[in-house]
Amino acid sequence: MITDLEAMYAALEQAGLAAEAGEVPIGAVAVYNGAIIARGQNRVIRDQDPTAHAEIVALRAAATALGNYRLNGVTLYVTLEPCAMCAGAMIHARIDRLVYAAIDPKAGAAGSVLEVLNHPRLNHQMQVEQGILAEDSAELLRSFFRERRS
C-alpha cells in the first residue's frame, strides 16, 4: 500500500521530468487499490496539445489501465492545484479523491480562484486534500520560471 507521501513524491518525480523536457513542472499519479496505475506530466509543448496537462495525461492512462473511463476508487495526486479543465475531467471521471501539493493562486479550481470541485449543484463529490509536499512543488515551479526568465 503506497502512502500519500510516497505517491506525492512519485508525482514530484513526474514534475521534474516535465521540467527536464522544457515543460512547466507539474506531475500527477493515479492510485488504485494502493498502487500507482498511471503517471502523467505536463506534455502540452511536446504533444502540441493544450489539453495535455499532467492530470489529463494521468487520467487517460488510468482509464486505459482500468479499461473504463469511470475511475471510481482512484485517488489522483497532483503537484499543483488543478485548473478548471482538469477539475472538470476529474468530476467526469468520478475519481474518489484528489490530493494536491501547492495551491495555484492564478488558475486553481479547487478553491483558490474557482470552486469547480464539489460544487453543491454537481452530482459527483470527491474528497479533496491539499498541502503534502506543497513547498517542494512550489519551489520546483519557482526555480523553473526563474531559470526561464534569466
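The values are calculated or read from the model by the stated rules, or taken from the named source; none is laboratory data. Note that the coordinates shown come from a computational prediction; the quantities given were computed from them, not determined experimentally. Reconstructed Cβ throughout: ideal geometry from the backbone, glycine too, with neighbour counts over all protein chains shown. We work out accessible area using only protein heavy atoms, side chains counted, and drop any ligands, DNA or RNA first. Shrake-Rupley method; radii C 1.70, N 1.55, O 1.52, S 1.80 Å.
Details
- Scan of segment 1-16 for residues that are surrounded by fewer than 15 Cβ atoms within 10 Å (Cβ to Cβ), part of a helix (DSSP H, G or I) and either of a type in the set (A, V, I, L, M, F, W, C) or modelled with pLDDT under 95 (or both), ordered by number: Leu5
- Residue in segment 87-111 that is least open to solvent (accessible area, probe 1.4 Å), counting only those that are closer than 13 Å to Leu71 by Cα and part of a loop (DSSP other than H, G, I, E, B): Ile95
- Residue in segment 41-64 that is within 19 Å of Gln127 (Cβ to Cβ) and either of a type in the set (Val, Ile, Thr) or touching a Ser or Thr at 6+ places or on another chain (Cβ under 8 Å) (or both) present: no
- For segment 42-64, a residue qualifies if it is more than 17 Å from Arg97 (Cβ to Cβ) and either among the aliphatic types (A, V, I, L, M) or outside any loop (DSSP other than H, G, I, E, B) (or both), and the qualifying residues are Val44, Ile45, Arg46, Asp47, Ala52, Ile56, Val57, Arg60, Ala61, Thr64.
- Meets criteria (modelled with pLDDT of 95 or more, more than 13 Å from Arg94 (Cα to Cα), open to solvent by less than 40 Å² (accessible area, probe 1.4 Å) and of a type in the set (A, V, I, L, M)) for Ala35: no
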